[in-house]
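The values are calculated or read from the model by the stated rules, or taken from the named source; none is laboratory data. Note that the structure is predicted; figures quoted are calculated from it, not measured. Positions of Cβ are backbone-derived with ideal geometry, glycine not excepted, and every protein chain shown enters the neighbour counts.
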Amino acid sequence: MSKEHSKIVCQNRKARHDYAIEDTFEAGIMLLGPEVKSLREGRGNLTDSYADYREGEIWLYNAHISPYSHATDTSVIDPLRPRKLLLHKKEIRKLIGKIKERGYALIPLAIYFKNGKAKVELALAKGKKQHDKRQAMKEKDLTRELSKQFKVR
């Protein structure tokens with residue numbers, strides 16, 4: 001994701017802790033008008049969200065986009081409704097093949113705007129075991145301690 005033309009709306013910070021990320025993809029997301037305005041206000045949440053395939057398409061589940069406060073009828077749109085992701089057929093086939101393998105999942109890392117369009121950064125990831133998480137935390141602490149030592153000198 002290029003930082004120069006994008007405005008990050010929300011991130012799934014827990015994803016990098018819970019999953020070993022192998023590959024990332026950028027996908028468009030089909031939204032309704034009030035949802036886009038709500039995202040522009042930064043009112044989105046990716047906690048516990050995931051992507052899966054259904055009928056040859058990739059869908060985003062459990063991504064919470066709060067209703068737009070100035071919309072005339074906010075009761076029509078469910079904030080947790082499944083949203084279709086826009087990818088090329090070749091990418092969809094590749095992702096479906098990987099998802100069918102045991103242990104792989106599609107996890108959204110961030111929703112952002114790029115050139116005026118809402119995008120989702122998807123990660124093809126494998127779930128980490130508890131000991132893997134502890135090892136990652138140890139490595140992080142070690143690098144933090146080393147950086148402190150070099151800053152002191």
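Does region 48-61 contain any residue that is under 15 Å from residue 12 (Cβ atoms), in contact (Cβ under 8 Å) with a residue 24 or more places away in the chain and touching a Ser or Thr at 6+ places or on another chain (Cβ under 6 Å)? No. The combined condition, being touching a residue at least 60 places away in the same chain (Cβ under 8 Å), surrounded by 12 or more Cβ atoms within 10 Å (Cβ to Cβ) and not in a loop (DSSP other than H, G, I, E, B), is not fulfilled by residue 85. Checking every residue in region 56-79 against the condition of being assigned to a helix (DSSP H, G or I) and acidic (Asp, Glu) gives zero matches. Only residues that are surrounded by 12 or more Cβ atoms within 10 Å (Cβ to Cβ) and outside any helix (DSSP H, G or I) were counted in region 89-134, giving 23.
Among the residues of region 21-41, are any basic (Lys, Arg), assigned to a loop (DSSP other than H, G, I, E, B) and in contact with a strand residue (DSSP E or B) (Cβ under 9 Å, 6 or more places away or on another chain)? The answer is no, given that none of the residues of region 21-41 is basic (Lys, Arg), assigned to a loop (DSSP other than H, G, I, E, B) and in contact with a strand residue (DSSP E or B) (Cβ under 9 Å, 6 or more places away or on another chain). Checking 35, 41 one by one, the residue that is at pLDDT 85 or above, buried (at least 18 other Cβ atoms within 10 Å of the Cβ) and either in contact with a His (Cβ under 6 Å, 6 or more places away or on another chain) or under 20 Å from residue 83 (Cβ atoms) (or both) is 35 and no other.
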